[in-house]
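Everything below concerns the one structure shown next.
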Amino acid sequence: MKFRTKAIHLGNERDAQTGAVVPPIHVASTFVQHQAGEWREFDYSRSGNPTRKGLEETLAALEGGCGALAFASGMAATHAATMLLRSGDHILAGSDIYGGTYRLLHKIVNRAGIEVSLAPATDLTAFAQAIRPTTKLIWIESPGNPLMSITDIAAVAQLAQRHDCLLGVDNTFASPVLTRPLELGADIVMHSATKYLGGHSDVLGGALVVKDPELFKQLYFVQNATGGVLGPFDAFLVSRGLKTLAIRMLAQCETAQTLAEWLTNDPRVTRVLYPGLAQHPGHDIARRQMLGGFGAMLTFEVAGDYAQAKRVAESTKLFQLAVSLGAVESLIEQPASMSHASYDAAARAAFGITDGLIRLSIGLEDVEDLQADLDQALQA
Amino acid sequence: MTDPTPGQSPPRLGPSTIAIHSGESRQKLAHSITDPIICASTYTFANTQAVIDYIEQKQQREEYGRYGNPGEDVIEKKLAAIEGGEDAVLYASGMAAIVGLLMTKLSTGDEIIFFDECYHRSREFCVKHLTRYGVVTRQVKACDYEAMAAAITPQTKMLVSESPTNPHLSCVDLEKFVAIAREHQVETLIDATLATPYNLRPIEYGVDYVLHSATKYLGGHNDLLAGVIVGSAEKLDAVRNLRGIMGAINSPHNVYLLQRGLKTFELRMQRHNQNGQALAEFLENHPRVEKVYYPGLKSHSYHAEAVKYMRGFGGLVTFLVKDADWRQTANVVDAVQIPRIAPSLGGVESLIEQPLVMSYYEQKPEDRQRFGIPDNMIRLACGLENTEDLIADLQQALER
Ligand SMILES: Cc1ncc(COP(=O)(O)O)c(C=O)c1O
Ligand SMILES: Cc1ncc(COP(=O)(O)O)c(C=O)c1O
């Protein structure tokens, strides 16, 4: 079965009792048992819910895993993965991970006596050197944010295997349409389902997908014990979103590629960061690793200062000024004043997040309309 | 979008941009990027003067849930923009929309004429129920324009057709259809459910009312019921009033799902069109298939009209199994693995049915023959699955 067929059918089996072509939304918090001490498949919704389970089956199928767990947000999913570790263990993360993950690792996970360090995952030698004997989990993102850096997931997976630690990949930006980390050797795939999986800016959700049944059991134990599960209404909306995931993602990639090429030739723009451009440092890896497109996130630098970039970001009429990404509506933001404002100026400079950068999340609008909108905004 | 820069006529936007943004305000309640679901059954007034201002139409606002709700206002503007019409009225289902329009426009003694290939419940409503109110309904053979013109009398008020028709997918020559109506000064209604405004835009040819079962492609996920009529604000005013009295309004939760479905409208239609065309071509070349009805096939009787009026030909494909009785045909339906056996169409999941069994089981054989529903007919509503998977599935079912 191909991707679209799986997304529509697996985990969405016909409801046997009513024949409903779309599975019901099971809102029950608890399920009636027939015998004391003999549990049916579902007992209590934190432990398992039919609507959530349907979504988990679809996600496992799309990522090529043995099982998936759906969480209330991407951060709840990442947090659950870190709860596999214990005091004294070390987590090595890529240096361009999502800011919320950075905060989780450095301000929450560290409280349990877990050590955290960052290294650039795009530089395999430096990254390998940062692995410690106590390293239990490696955490990476590709493409990275906001510079769209590309990490060679298969190469990092080999590293992780050699050092006997788990590799977790935040696959939010690529989605399983473009990249399937489990097939490249990763142990855990994490998603902010808030983004492309849901796809309509109307749910918060997260997911972990794994390929090893033993690891699945451990993570299920964590989820059930800590409780950050996805609610049934949101599970329904994510499942509904998955049915158009492939066509959305590929259309959004195509638009992003066109806009990236157009911006590259625009004198008002000094730099375009998009993995689909031949001059992007990660282009060759991306060509191997990403199937059918290079993602729908794109960053560019305007010629001019902080104020000029701010003006551009505030002047669009179709692109809306907001953080987040991955939905049908196109969004625009200035990393220096929005998504990465919590970094001080020196740190921003060190990571290459200049004042002139603008990050776009390309939605599903017609490419001509988006281009016309950017064109007039750049004129601002 | 609702708030273009004043004094500047906005450029004509592409179909996806319209489907995503039209009808919505750029700044919404609480600045949320999506419209909130407002479930209220009633809406409060600050004071008596506010009530009076509303009644005197000094202020446009909601009053009571049966007359409309904010989510529905958004979707009506969006659907009107997608269709290229001035206004739209949303209903709880496609049938409610048909009933709502005909009940508004027709009175005792009036006559309507419709092409006979159509959704069987639309026919049933006209023949069994409108007649009870003394409305005369005349059916003429689909796409027989001379017969339609000949059936017109001074009492005729409206000409009605689907395009493409269900399940034969005959395509109406809209220019001829509208010309007849104009000559006799009667109104026209096209049920374009099977086409959608992505593939067919009847208003551009002068059709007065375009109707959709939004349950189908507009919602697109087999998870809601809705219907809509698009037309001029002036003509729809009375329709909206009667809806408020009859009460077949859509619910706020449903309306949100419809709005969400429309965000991927263009993409979904492109895939439905691709799958429909590919499956029609596959079936036409299969030795077990006697005949395929699909507007995108050169062999289709209405291919010329389809090419003239339509951008794509939709996901619905009807075919006849060669030398098969009803049971052998049912065996093909039962052998299919991916499409599910169910009525309806237009959702992401492919559906399959045998019209004889699903919709005409209780009709007399001679009536079925009159409606053109042979025992060996199968209707396949292609969803959004990968084309290769659907073809492989139909192939194994036919070759079993
Ligand atoms: C790459 C990435 N990972 C994780 C997250 C966190 O997900 P959530 O906001 O669903 O908790 C985000 C979103 O903001 C993200 O962009
Ligand atoms: C062409 C056509 N018109 C109208 C309807 C009625 O719409 P609904 O089922 O939404 O009431 C249907 C479907 O059932 C249909 O196929």
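The values are calculated or read from the model by the stated rules, or taken from the named source; none is laboratory data. From a predicted model like this one, the values you see are computed outputs, not experimental measurements. Using ideal geometry, Cβ is built from the backbone for each residue, glycine included, and neighbour counts are taken over all protein chains shown. Heavy atoms of the whole protein, side chains included, go into the accessibility calculation; ligands, DNA and RNA do not. Shrake-Rupley method; radii C 1.70, N 1.55, O 1.52, S 1.80 Å.
Among what's in region A:129-147 and is in a loop (DSSP other than H, G, I, E, B) and either at pLDDT 95 or above or outside the structural domain of A:Val189 (by TED's automatic domain parsing) (or both), pick the residue that is farthest from ligand 1 (Cβ to nearest atom).
First pass over region A:129-147, keeping only residues in a loop (DSSP other than H, G, I, E, B): A:130-134, A:142-147.
Checking which are either at pLDDT 95 or above or outside the structural domain of A:Val189 (by TED's automatic domain parsing) (or both) leaves us with A:130-134, A:142-143.
Details: A:Ala130: 21, A:Ile131: 22, A:Arg132: 24, A:Pro133: 28, A:Thr134: 25, A:Ser142: 10, A:Pro143: 9 Å.
Of everything passing the filter in region A:129-147, A:Pro133 is farthest from ligand 1 (Cβ to nearest atom).
Identify, from the list B:Glu366, B:Glu385, the residue that is in a helix (DSSP H, G or I) and either over 16 Å from B:Gln328 (Cα atoms) or touching a Cys at 6+ places or on another chain (Cβ under 9 Å) (or both). Walk me through it before giving the result.
Working: B:Glu385 fails: in a helix (DSSP H, G or I).
When all the criteria are applied, what remains is B:Glu366.
List every residue pair whose Cβ atoms lie under 7 Å apart, where the two residues are 6 or more positions apart in sequence or sit on different chains, the first residue falls within region A:270-286 and is at pLDDT 95 or above, and the second residue, located anywhere, is of a type in the set (Ser, Thr, Tyr) and in a helix (DSSP H, G or I).
These pairs meet every condition: A:Val272/A:Thr264; A:Leu277/A:Thr264.
Under 6 Å between Cβ atoms, at least 6 apart or on separate chains: pull out the pairs that start in region A:34-51 with a residue that is under 24 Å from A:Ala72 (Cβ atoms) and of a type in the set (Phe, Trp, Tyr) and end on any residue that is at pLDDT 90 or above and surrounded by 16 or more Cβ atoms within 10 Å (Cβ to Cβ).
Going by the 6 Å Cβ cut-off, the qualifying pairs are A:Phe42/A:Phe31; A:Phe42/A:Gly48.
Step by step: first the residues of region A:352-380, then only those that are assigned to a helix (DSSP H, G or I) and surrounded by 24 or more Cβ atoms within 10 Å (Cβ to Cβ), then the one that is nearest to the chain's Cα centre (by Cα). Which residue is that? Step through it out loud before you land on a result.
The first filter runs over region A:352-380 and keeps only residues assigned to a helix (DSSP H, G or I), leaving A:367-378.
Still in the running and surrounded by 24 or more Cβ atoms within 10 Å (Cβ to Cβ): A:370, A:374.
Working: A:Leu370: 24, A:Leu374: 26 Å.
Across region A:352-380, the extreme among qualifying residues is A:Leu370.
Looking at the structure I just gave you, is A:Tyr98 under 17 Å from A:Asp170 (Cβ atoms), at pLDDT below 95 and buried (at least 19 other Cβ atoms within 10 Å of the Cβ)?
Working: under 17 Å from A:Asp170 (Cβ atoms): yes; at pLDDT below 95: yes; buried (at least 19 other Cβ atoms within 10 Å of the Cβ): yes.
Answer is yes for this residue.
Scan region A:194-214 residue by residue and report those that are outside any loop (DSSP other than H, G, I, E, B) and either open to solvent by 10 Å² or more (accessible area, probe 1.4 Å) or closer than 10 Å to A:Ala327 by Cβ (or both).
Correct list: A:Pro213, A:Glu214.
Within region B:341-354, does at least one residue satisfy the condition of being hydrophobic (A, V, I, L, M, F, W, C), away from every other protein chain (no Cβ under 12 Å) and either open to solvent by 40 Å² or more (accessible area, probe 1.4 Å) or over 19 Å from B:Thr196 (Cα atoms) (or both)?
Within region B:341-354, the first condition is being hydrophobic (A, V, I, L, M, F, W, C), and the residues that meet it are B:341-342, B:345, B:348, B:351-352.
Pick out the ones that are also away from every other protein chain (no Cβ under 12 Å) and you get none.
So far as region B:341-354 goes, no, none of its residues is hydrophobic (A, V, I, L, M, F, W, C), away from every other protein chain (no Cβ under 12 Å) and either open to solvent by 40 Å² or more (accessible area, probe 1.4 Å) or over 19 Å from B:Thr196 (Cα atoms) (or both).
How many residues does region B:193-222 hold that are open to solvent by less than 10 Å² (accessible area, probe 1.4 Å), of a type in the set (A, V, I, L, M) and near ligand 2 (Cβ under 9 Å from one of its atoms)?
Number satisfying all stated conditions: 2.
Got a number for residues in region A:110-145 being over 25 Å from A:Gly293 (Cβ atoms) and within 20 Å of the chain's Cα centre (by Cα)?
4
Could you tell me which of the residues A:Arg287, A:Arg240 is of a type in the set (D, E, K, R), within 14 Å of another protein chain (Cβ to nearest Cβ) and in a helix (DSSP H, G or I)? Steps first, please.
Numbers: A:Arg287 fails: within 14 Å of another protein chain (Cβ to nearest Cβ).
Answer to the check: A:Arg240.
For residues that are more than 14 Å from every other protein chain (Cβ to nearest Cβ) and within 16 Å of ligand 1 (Cβ to nearest atom), tally how many sit in region A:168-185. Step through it out loud before you land on a result.
Taking region A:168-185 as the starting set, the residues that turn out to be more than 14 Å from every other protein chain (Cβ to nearest Cβ) are A:168-176, A:178-185.
Then drop every residue that is not within 16 Å of ligand 1 (Cβ to nearest atom), which leaves A:168-176, A:178-179, A:181.
Summing the residues that are more than 14 Å from every other protein chain (Cβ to nearest Cβ) and within 16 Å of ligand 1 (Cβ to nearest atom) in region A:168-185 gives 12.
Which numbered condition in (1) of a type outside the set (S, T, N, Q); (2) within 16 Å of ligand 1 (Cβ to nearest atom); (3) surrounded by 18 or more Cβ atoms within 10 Å (Cβ to Cβ) is the only one that A:Lys107 fails?
(3)
Any residue in region A:108-128 that's over 15 Å from A:Glu141 (Cβ atoms) and in the same structural domain as A:Met83 (by TED's automatic domain parsing): show its pairings with residues that are open to solvent by 70 Å² or more (accessible area, probe 1.4 Å) and of a type outside the set (A, V, I, L, M, F, W, C) at Cβ separation under 7 Å, as long as the two are six or more apart or on different chains.
Here the result reads A:Ala112/A:Ser87; A:Gly113/A:Ser87; A:Ile114/A:Ser87, each pair linking region A:108-128 to a residue that is open to solvent by 70 Å² or more (accessible area, probe 1.4 Å) and of a type outside the set (A, V, I, L, M, F, W, C).
Here's the yes/no breakdown for (1) surrounded by fewer than 21 Cβ atoms within 10 Å (Cβ to Cβ); (2) more than 15 Å from A:Val367 (Cα to Cα); (3) within 14 Å of another protein chain (Cβ to nearest Cβ):
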{"position": "A:Asp234", "(1), (2), (3)": "no, yes, yes"}
{"position": "A:Thr244", "(1), (2), (3)": "no, yes, yes"}
{"position": "A:Thr255", "(1), (2), (3)": "no, no, yes"}
{"position": "A:Asp266", "(1), (2), (3)": "yes, yes, no"}
{"position": "A:Gly282", "(1), (2), (3)": "no, yes, no"}
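If only one of B:Glu281, B:Glu266, B:Glu234, B:Glu305 is of a type in the set (Asp, Glu), open to solvent by 10 Å² or more (accessible area, probe 1.4 Å), under 30 Å from B:Thr42 (Cα atoms) and in a helix (DSSP H, G or I), which one is it? If you could, list the steps in order and put the result at the bottom.
Details: B:Glu281 fails: under 30 Å from B:Thr42 (Cα atoms); B:Glu266 fails: under 30 Å from B:Thr42 (Cα atoms); B:Glu305 fails: under 30 Å from B:Thr42 (Cα atoms).
Going through B:Glu281, B:Glu266, B:Glu234, B:Glu305 in turn, just one is of a type in the set (Asp, Glu), open to solvent by 10 Å² or more (accessible area, probe 1.4 Å), under 30 Å from B:Thr42 (Cα atoms) and in a helix (DSSP H, G or I): B:Glu234.
Which members of region B:310-330 meet the condition of being of a type outside the set (A, V, I, L, M, F, W, C) and open to solvent by 20 Å² or more (accessible area, probe 1.4 Å)? Can you show your working first?
Within region B:310-330, the subset of a type outside the set (A, V, I, L, M, F, W, C) is B:311-312, B:314-315, B:318, B:322-323, B:325, B:327-329.
Selection gives B:Arg311, B:Lys322, B:Asp323, B:Asp325, B:Arg327, B:Gln328.
Need pairs with beta-carbon distance below 6 Å; first residue more than 10 Å from chain B (Cβ to nearest Cβ) and within region A:353-380, second in a loop (DSSP other than H, G, I, E, B) and basic (Lys, Arg); sequence gap 6+ or separate chains.
Pairs that qualify, where the first residue is more than 10 Å from chain B (Cβ to nearest Cβ) and the partner is in a loop (DSSP other than H, G, I, E, B) and basic (Lys, Arg), are A:Leu378/A:Arg268.
Can you tell me which residue is nearest to A:Leu374 (Cα to Cα) among those in region A:315-337 that are among the hydrophobic types (A, V, I, L, M, F, W, C) and surrounded by fewer than 21 Cβ atoms within 10 Å (Cβ to Cβ)?
Initially, region A:315-337 is screened for residues among the hydrophobic types (A, V, I, L, M, F, W, C), giving A:318-319, A:321-323, A:325, A:327-328, A:331-332, A:336.
So of that shortlist, the ones also surrounded by fewer than 21 Cβ atoms within 10 Å (Cβ to Cβ) come out as A:321-323.
Values: A:Leu321: 13, A:Ala322: 16, A:Val323: 17 Å.
Looking at residues that are among the hydrophobic types (A, V, I, L, M, F, W, C) and surrounded by fewer than 21 Cβ atoms within 10 Å (Cβ to Cβ), I get A:Leu321.
If you scan region A:249-300, which residues turn out to be acidic (Asp, Glu) and within 15 Å of A:Ser149 (Cβ to Cβ)?
If the condition is that a residue be acidic (Asp, Glu) and within 15 Å of A:Ser149 (Cβ to Cβ), then A:Asp284 is the only one that fits.
Could you tell me whether B:Asn250 is among the polar types (S, T, N, Q), more than 14 Å from chain A (Cβ to nearest Cβ) and either under 15 Å from B:Ile75 (Cα atoms) or assigned to a strand (DSSP E or B) (or both)? Write out each step before concluding.
Details: among the polar types (S, T, N, Q): yes; more than 14 Å from chain A (Cβ to nearest Cβ): yes; either under 15 Å from B:Ile75 (Cα atoms) or assigned to a strand (DSSP E or B) (or both): yes.
When the stated conditions are applied, B:Asn250 passes them.
Got at least one residue in region B:65-85 being open to solvent by 50 Å² or more (accessible area, probe 1.4 Å) and free of Cβ contacts under 8 Å to residues at least 60 places away in the same chain?
Taking region B:65-85 as the starting set, the residues that turn out to be open to solvent by 50 Å² or more (accessible area, probe 1.4 Å) are B:66-67, B:73, B:77.
In the following step, the residues that additionally are free of Cβ contacts under 8 Å to residues at least 60 places away in the same chain were identified as B:73.
Yes, region B:65-85 contains a residue that is open to solvent by 50 Å² or more (accessible area, probe 1.4 Å) and free of Cβ contacts under 8 Å to residues at least 60 places away in the same chain.
Would you pick out the residues in region A:299-338 that are touching a Lys or Arg at 6+ places or on another chain (Cβ under 7 Å) and more than 14 Å from chain B (Cβ to nearest Cβ)?
A:Thr299, A:Phe300, A:Glu301, A:Val302, A:Ala303, A:Gln334, A:Pro335, A:Ala336, A:Ser337
Among the residues of region B:16-69, how many are charged (D, E, K, R) and more than 14 Å from chain A (Cβ to nearest Cβ)?
Let us first name the residues in region B:16-69 that are charged (D, E, K, R), namely B:24, B:26, B:28, B:35, B:53, B:56, B:58, B:61-63, B:66.
Checking the rest, the ones that are also more than 14 Å from chain A (Cβ to nearest Cβ) come to B:53, B:56, B:58, B:61-63, B:66.
Here the count works out to 7.
Listed here are the residues, each with its yes/no results for (1) open to solvent by less than 10 Å² (accessible area, probe 1.4 Å); (2) touching a helix residue (DSSP H, G or I) at 6+ places or on another chain (Cβ under 6 Å); (3) assigned by TED's automatic domain parsing to the domain that holds A:Asn171.
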site	(1), (2), (3)
A:Ala28	no, no, yes
A:Glu38	no, no, yes
A:Ser47	no, yes, yes
A:Leu59	yes, no, yes
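What pairs come up if the first residue lies in region B:188-200 and is assigned by TED's automatic domain parsing to the domain that holds B:Leu106, the second is of a type in the set (D, E, K, R), and their beta carbons are under 6 Å apart, counting only those six or more places apart or on different chains?
Pairs found: B:Thr188/B:Asp208; B:Asp191/B:Glu162; B:Thr193/B:Lys216; B:Pro197/B:Glu83; B:Asn199/B:Arg311.
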